[in-house]
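Structure first, then comments.
The values are calculated or read from the model by the stated rules, or taken from the named source; none is laboratory data. Note that the coordinates shown come from a computational prediction; the quantities given were computed from them, not determined experimentally. FYI the Cβ positions are ideal-geometry reconstructions off the backbone, even for glycines, and counts take in every protein chain you see. Please note that ligands, DNA and RNA were not included when accessible areas were found on the heavy atoms of the full protein model with its side chains. Shrake-Rupley method; radii C 1.70, N 1.55, O 1.52, S 1.80 Å.
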Amino acid sequence: MKKHNFSAGPSILPQEVFAKAAQGVLDLDGSGLSVLEISHRSKEFVNIHHQAKTLVKEVLNVPDNYHILFLSGGASTQFFMTALNILGDDQKAVYLDTGSWSSKAIKEARRYGQIEVIGSSKDKNYTYIPKDYEIPSDASYLHLTSNNTIFGTQFQEFPDTDIPLVCDMSSDIFSRAVDVTKFGIIYAGAQKNMGPAGTTLVIVRDDLVGQSGRDIPTILDYKTHIDKDSMFNTPPVFPIYVSMLTLKWLKGIGGVSAAAERNQAKAETLYHEIERNSLFEGVVVPEDRSKMNATFVLKDDNHLDAFLGACAEAGIVGVKGHRSVGGFRASMYNAMELDSVTALVQVMQEFEAKQ
Ligand SMILES: *Cc1c(COP(=O)(O)O)cnc(C)c1O
């Protein structure tokens, strides 16, 4: 049976990427070697790495004064690595708290400077994006989580400010066009919208590096990875390879603008049904709803297991909500086709008809 994978992460990737990655494991481009056994300094891998970087640059329109790095340690490492690298002890950074991922970033950054939370949606269990806040002009940067994977909220527009934005884009990078020039650092764990778990994309503006005045352990210093072109030590070879294949696929379908149109169509289809269907309701205020992760609940929680059962029968997997929200979460990353969303909508409609 065809599976419709709504998992939040690790998550769906294009079928053709799976096929190419499998081929690369057996025999990389006719080399007679597996991508898993070649040196990270071989011309094959240097070429893969170069392609991955070039594709990120092309697809996101990254200006020349930014570095593109593929690191390890997940987005969670960037929670502290960002502050460690660009925030001096006597400097201040401001944060927006839109749920668990940003809360974790705040907690880690507090080790390295003065952290001020200027906006939070905690009062309503993170069901909206805070909009009413002042950004102090003496802050070094403003950190935000562009899409909260757990609560299903997403910044539809980024704050207008002269200070650089530092952004965790783990769950919506490459889902739409962004103006990279507004950002000092963009980071994203690969496993939501770019590739398999194991690498983290970091895009960092050149002038921010080396400014903290701090003695940073070599492997945690962006400068190390910039100087060595992400090859200071063995990089996550396979995740970079598969990310490159996914980016190639993305470019092939028309890049982020085409992805944004697909994502808009999927999100509209699902949110329309959540609103129409008498059994369900959305969790997030309409204007802040995520196009990547839709969160919704049953008005009567007693139907929860029955609905999950109906989903499973239709090949729909990964829709159980995060424990902090309950209900359901349907993640509709770039690789998901509209017909998977339509399949979920159909189950919701049949479920309603049976009650
Ligand atoms: C999944 C996720 C993370 C955690 O990423 P890891 O790579 O597991 O550390 C951080 N932020 C956001 C927004 C996420 O969705």
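Of the solvent-accessible surface of region 15-252, computed with a 1.4 Å probe over protein heavy atoms with every protein chain present, carbon and sulfur atoms account for 49 percent. For residue 181 and residue 228, the FRET efficiency from 1/(1 + (r/R0)^6), where r spans their Cβ atoms and R0 equals 25 Å, is about 0.45.
Geometric descriptor of region 1-120, per residue, is 179 Å³ (volume of the convex hull of the Cα atoms). Site pair residue 133 and residue 42 shows an inter-label distance of 4.7 nm when each label is modelled 7 Å from Cα along Cα→Cβ.
As a ratio to 2.2 N^0.38 Å, the alpha-carbon radius of gyration for region 138-186 is 1.11. Atom-type composition of the exposed protein surface of region 307-355 places 51 percent of the accessible area on carbon and sulfur (1.4 angstrom probe). May I ask you to list the residues of region 104-136 whose amide nitrogen lies under 13 Å from a point 7 Å from Cα along the Cα→beta-carbon direction of residue 287? Flagged as within label range: 128-133. Remark: region 15-252 carries 42 Å² of accessible area per residue (probe radius 1.4 Å; ligands, DNA and RNA excluded). With viscosity 0.692 mPa s and temperature 37 °C, the Kirkwood radius over alpha carbon pairs of region 151-290 converts through Stokes-Einstein to a diffusion coefficient of 187 µm²/s.
Peptides 100-111, 84-95, 121-132, ordered by how many other C-beta atoms sit within 10 Å of their residues on average, highest first, read 84-95, 100-111, 121-132. Please report how far the C-alpha centroid of region 253-267 lies from that of region 86-142, rounded to the nearest whole angstrom. A separation of 30 Å, based on Cα centres. If you take all other residues with their beta carbon under 14 Å from the beta carbon of residue 26, and give Lys and Arg +1 and Asp and Glu -1, the sum is -2. Taking only the C-alpha atoms of region 255-354, Rg followed by Dmax gives 12.9, 42 Å. Projected over all directions and averaged, the alpha-carbon convex hull of the chain occupies 17.9 nm². Computed from backbone phi, the HN-Hα couplings of region 171-188 come to 9, 9, 4, 6, 8, 6, 6, 10, 8, 4, 5, 6, 10, x, 9, 10, 10, 7 Hz, rounded to whole numbers (Karplus: 6.51 cos²θ - 1.76 cosθ + 1.60, θ = phi - 60°; Gly and Pro given as x). Each residue, residue 312 and residue 19, gets one label point 7 Å from its Cα in the Cβ direction; the gap between the two is 3.1 nm. On full extension, the segment bounded by residue 218 and residue 111 gains 36.7 nm, given 0.36 nm per residue less the C-alpha separation.
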